[in-house]
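Please read the structure below before turning to the comments.
The values are calculated or read from the model by the stated rules, or taken from the named source; none is laboratory data. Quantities reported herein were computed from a predicted structural model and do not represent experimental measurements. Note: ideal-geometry Cβ built from the backbone for every residue, glycine included; neighbour counts use all protein chains shown.
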Amino acid sequence: MKIINICGARPNFMKIAPLMRAFGKRPQIQPLLVHTGQHYDENMSNLFFKQLNIPEPDINLEVGSGSHAVQTAEIMKKFEPIVLEHKPDMVLVVGDVNSTIACGLVAVKLGVRLVHVEAGLRSFDRGMPEEINRVLTDSISDDLFVTEPSGMENLKREGVPDERVHLVGNVMIDTLRANLDKARESDILARLDLKPRQYAVATLHRPSNVDDPKVFGRILDAFDHIQRDMPIVFPMHPRTLHNLAKIGLKDRVDSMKRLRVIEPQGYLDFLRLTGDACCVLTDSGGIQEESTILGVWCLTLRENTERPVTIDQGTNTLVGTQTDRIIAAYDQCRKAPPPTDRVPALWDGQAAERIADILLRYA
Ligand code: UD1
């Protein structure tokens, strides 16, 4: 059974790693790995392949950056001949990035079975490019693998037949659990002169937060308050870095002595950094899940989340982008450590194994 597996952007790499490993263990499965090249910087891509032992991609489409239409179209144009040449039994896509929908569309139009891992998540915010990618990918997928109960409800409501949908747990958490011991050996705290629980970590890259100077400005006002209390380490996404100067906020960032902007980090250093933080301030999807398992407060700088289990059974709080609300939530984090005994069902490190076993039914 030949499966073409797609990865393209940073959050895909942690999800594809345990799947490639699980497929590699099963002689009935012949996995091929296609990297679309949506992310291409050394520390947005290559470093993750090395640290997570992901096999070299069999094919790299090298599409690079572009507007949504250009990027999606380029991926489709370059992926179609690959499917025609390799004639896979299925194409597997993960997450909600442009590479996910682009390769999904190519597969179904060529009559190839489409598998979506991390299906069913909904923010109900159509202003997010990822929400469009999720809704569209789920609507054309043949097999939908879901991480949390809300995903099952969403797909049922949208009329997806039960037999296509499987609650299997979270492949991103497979990777976290497999790498925790190695991450503990990272010396990043010493290098940055930080003490456990006495610093915060920030990550921001959503267009709604970093493209609008008003919103980004309000968030920076909150960061200014927090950095007077403890250092904030801010591994900055290339999109955010490009924007800072463009929207006139670079000086504001430079003026905060304890807001420490660093390069995007590799997986192991970033895991150590978040695992030992007092709290994480973020607009990422994956970090809401990772901080839940790490038992670290997560303040999500958005008005909604597609991952509600991280609030019900985790350490996540939605704090929006108003300065006062962010500061109030931070003050709460300072008062007590988060609960550590709440783990969403099936987030046990075995999700990829379950997925591989289910797919074997088609072998
Ligand atoms: C993409 C995903 C988002 C995911 C994020 C994680 C979509 C719609 N969005 O957003 O869901 O959370 O990745 O990182 O697919 N750039 C570089 N080097 C790189 C990659 C990007 O400099 O290796 C710059 C490019 O100039 C580009 C910008 O970052 O303009 C944005 O990259 P892109 O992949 O389009 O989207 P992200 O904002 O990273």
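For the reader, a short list of remarks on this structure follows.
- Unmet requirement for Leu194, which otherwise passes all of (1) assigned to a loop (DSSP other than H, G, I, E, B); (2) in the same structural domain as Val63 (by TED's automatic domain parsing); (3) among the aliphatic types (A, V, I, L, M): (2)
- Per-region count, the stretch 343-363, residues over 20 Å from Ser150 (Cα atoms) and touching a residue at least 12 places away in the same chain (Cβ under 8 Å): 7
- The set of residues from the stretch 22-51 being among the aliphatic types (A, V, I, L, M), surrounded by fewer than 21 Cβ atoms within 10 Å (Cβ to Cβ) and either closer than 22 Å to Leu105 by Cβ or more than 15 Å from the ligand (Cβ to nearest atom) (or both) comprises Ile29, Leu32.
- Unmet criterion (only one of (1) surrounded by fewer than 19 Cβ atoms within 10 Å (Cβ to Cβ); (2) farther than 22 Å from Ala352 by Cβ) for Lys78: (1)
- Taking first residues from the stretch 228-246 that are farther than 15 Å from Phe216 by Cβ and within 15 Å of the ligand (Cβ to nearest atom) and partners that are part of a helix (DSSP H, G or I) and modelled with pLDDT of 95 or more, the Cβ contacts under 8 Å between residues at least 6 apart in sequence or on separate chains come to Pro235/Phe270; Pro235/Leu273; Pro238/Met44.
This table checks each residue for (1) buried (at least 20 other Cβ atoms within 10 Å of the Cβ); (2) among the β-branched types (Val, Ile, Thr); (3) more than 24 Å from Asp41 (Cα to Cα).
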| site | (1), (2), (3) |
| --- | --- |
| Asp212 | no, no, yes |
| Ile226 | yes, yes, yes |
| Val233 | yes, yes, no |
| Leu241 | no, no, no |
| Lys250 | no, no, no |
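- Filtered residues of the stretch 1-14 (kept if within 20 Å of Gln350 (Cβ to Cβ), away from the ligand (no atom under 12 Å from the Cβ) and either not in a strand (DSSP E or B) or not aliphatic (A, V, I, L, M) (or both)): Asn5
- The number of residues in the stretch 119-163 being under 15 Å from the mean Cα position of the chain (by Cα) and within 16 Å of the ligand (Cβ to nearest atom) comes to 11.
- Within the stretch 60-89, the set of residues being of a type in the set (Gly, Ala, Ser) and either near the ligand (Cβ under 10 Å from one of its atoms) or under 19 Å from Phe13 (Cα atoms) (or both) comprises Gly64, Ser65, Gly66, Ser67.
- Residue satisfying all of: in the stretch 197-217; over 12 Å from Thr274 (Cα atoms) and outside any helix (DSSP H, G or I); nearest to the ligand (Cβ to nearest atom) among these: His205
- Annotation: of all residues in the stretch 109-128 being touching a helix residue (DSSP H, G or I) at 6+ places or on another chain (Cβ under 6 Å) and surrounded by fewer than 16 Cβ atoms within 10 Å (Cβ to Cβ), the one that is nearest to Ile3 (Cα to Cα) is Leu110.
- Filter pass, Arg354 being surrounded by fewer than 20 Cβ atoms within 10 Å (Cβ to Cβ), in the same structural domain as Leu244 (by TED's automatic domain parsing) and outside any loop (DSSP other than H, G, I, E, B): no
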